[in-house]
Amino acid sequence: MLHLDPVTVEEVRRLDAERGAPCVSLYMPTQPATIPSWREDTLAFRELRRDTARRLEEAQADKRAAAAIDERLSALEDDPEFWRYMAHGLAVFATPDAVRTFRLPMQVGRRVEISDRFHVKPLAPILARPHDAYVLEMSQKRVRLLAVTEGDVSEVDVPDLPRSLDDFITSERTPEITDMAETQQSAEKKMRQEQFAHGIERALRPFLQNKSTPLVVAGVDTITTFFRHATHYPHLTKETISGNQEHTHDQEIAERARAIVASHEKERVEALIARAEALRNENRGSFDISEIARAAEEGRVEALVVCLDEAVYGTLEAGIGSFVPGAEASATTYDVLDELVGRTLRTGGTALAAPRGDLREGVKAAAVFRYAA
């Protein structure tokens, strides 16, 4: 089981609102807890802490502030209980007055950012990508609904959900298949399977009503196909975990479901970029950082995607949102793409962050506006 801390829009907004040099943002990959991984992770964190101290000194940060930050990071490094419970990634946000940590469901790159604000862009994929899912496992001998979260999988009790085809036949009082011609038996079997799939759908319908969690179906193709025809649940994924899963471990099913759900993120990014391109002539789509910044400041950004692997250092001039390039992050400069994420979230927009490989060549940011200026 992964040990995770919830990353919500409200939490990111609070982090984004923090101002005052120095603000330190640390990111690193971690490993679910074993004794060797504790040691590896703490040693990796020690290197980040030392890198932070060196960069604070180079930036000529206030010595008392730098010492207070190092003291807090050192205390975290020396806390064995903290390192015993890890997930796939760690984010640490430190000021002279406080340290906040988030154990993350995905790996993040090793990174230190020091500025007058926190670096929140790496958290955007967690906000935008649904990590939770339902898996409907169906076979003639077993029917289950599994709830998959970032770090766990468990079976859900759904009232009246048939537990097997035999259970369904008994509860529905369906007549037995008697000796008959092979062709007729085959047609009768398919009819039973179709009725079975409709029975599953009827039981799930009230449970899924008003939910938006992705639903992945798993099982033999005949029954899953019949279920697809029966259901109108709008968040059913196109991809299926095909084949009888009765002897597959729940964690393996969960990992396959997470991969299916995650694949939709790339489609969302591609669709957003295509929409931004299509709306450029109406002044409702843009790839220009300054133009996007002005729209974000005015609360006009409906949806934004930025490059996760690239930083564009500089500042955005207050009041007009113009981008002023800078050489590197400092107490007076920052990753402008990160600032765009914060501004978009502050005004109720959707912010995505995608790896360079998921973006068109040369695209660092793309946005769709609610209305033209």
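The values are calculated or read from the model by the stated rules, or taken from the named source; none is laboratory data. Only a predicted model underlies this, so the values are computations on that prediction, with no experimental measurement involved. Cβ placement follows ideal geometry from the backbone for every residue including glycine, while neighbour counts extend to all protein chains displayed. To get the accessible areas, we keep the full protein, side chains included, count just its heavy atoms, and leave off ligands, DNA and RNA. Shrake-Rupley method; radii C 1.70, N 1.55, O 1.52, S 1.80 Å.
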As I understand it, the value is the acute angle between the Cα axis of helix 250-278 and the longest principal axis of the Cα atoms of the chain; what does it come to in degrees, rounded to 10? 60 degrees
Along the positive direction of the dipole of the chain (beta-carbon charges: Lys, Arg +1; Asp, Glu -1; about the Cα centre), which of Tyr85, Gly20, Thr222 reaches farthest? Gly20
With a Förster distance of 56 angstrom and the Cβ-Cβ distance between Arg163 and Tyr371, calculated FRET efficiency to the nearest 0.05 equals 0.60
Full extension from Lys189 to Gln31: what is 0.36 nm times the residue separation minus their Cα-Cα distance, to one decimal in nm? 52.1 nm
Applying 1/(1 + (r/R0)^6) with R0 = 51 Å to the Cβ-Cβ distance of Asp51 and Arg228, what FRET efficiency is obtained, to the nearest 0.05? 0.50
Accessible surface of the chain [probe 1.4 Å, protein heavy atoms]: carbon and sulfur percent: 48 percent
Suppose the chain between Glu255 and Gln107 were pulled fully straight at 0.36 nm per residue; how much longer would it get relative to their current alpha carbon spacing? 51.8 nm
Run lengths n ≥ 4 of DSSP H only: what is the helix-derived mean residue ellipticity at 222 nm for the chain, with -39500 (n - 2.57) per run over all residues, to the nearest 500? -13000 deg cm²/dmol
Nearest-0.05 FRET efficiency for Glu77 and Asp288 at R0 = 45 Å, using Cβ-Cβ distance, is 0.60
Nearest 10 degrees, 0 to 90: helix 221-230 Cα axis against the chain principal axis: 80 degrees
Helix 63-77 sits at what angle to the longest principal axis of the chain, using alpha carbons and giving 0 to 90 degrees rounded to 10? 30 degrees
Between rounded, prolate and oblate, where does region 265-373 land on the alpha carbon gyration tensor, with a ≥ b ≥ c its root eigenvalues, rounded for a/c under 1.5, else prolate if a/b exceeds b/c? oblate
Full-stretch length increase - His235, Ala44 - with 0.36 nm per residue and alpha-carbon distance subtracted: 64.8 nm
Which label marks the calculated value of Cα extents along the principal axes in Å, given the options [x] 49, 48, 48; [y] 89, 57, 32; [z] 65, 49, 44? [y]
With a point put 7 Å past each Cα toward its Cβ, work out how far Arg13 is from Lys211 in nm, to one decimal. 2.7 nm
Regression test value, accessible area per residue of region 1-128, probe 1.4 Å, units Å², expected 48 Å²
With the Cα gyration tensor of region 63-145 giving a ≥ b ≥ c as the square roots of its eigenvalues, does the rule (a/c under 1.5 for rounded; else a/b larger than b/c for prolate; else oblate) give rounded, prolate or oblate? prolate
Taking a 1.4 Å probe, which of Phe369, Phe323 shows the most accessible area, and what order do the others take after it? Phe323, Phe369
Put Lys189, Lys211, Lys121 in order of accessible area, largest first, 1.4 Å probe: what do you get? Lys189, Lys211, Lys121
Taking the Cα centre of each part, how many Å lie between region 7-67 and region 120-159? 31 Å
Would you check the accessible area of Phe287, probe 1.4 Å, heavy atoms only, in square angstrom rounded to 10? 50 Å²
Given the options Gly362, Gly199, Gly299, state which has the largest fluctuation in a GNM of the chain using a 10 Å cut-off (strictly under) for Cα springs. Gly362
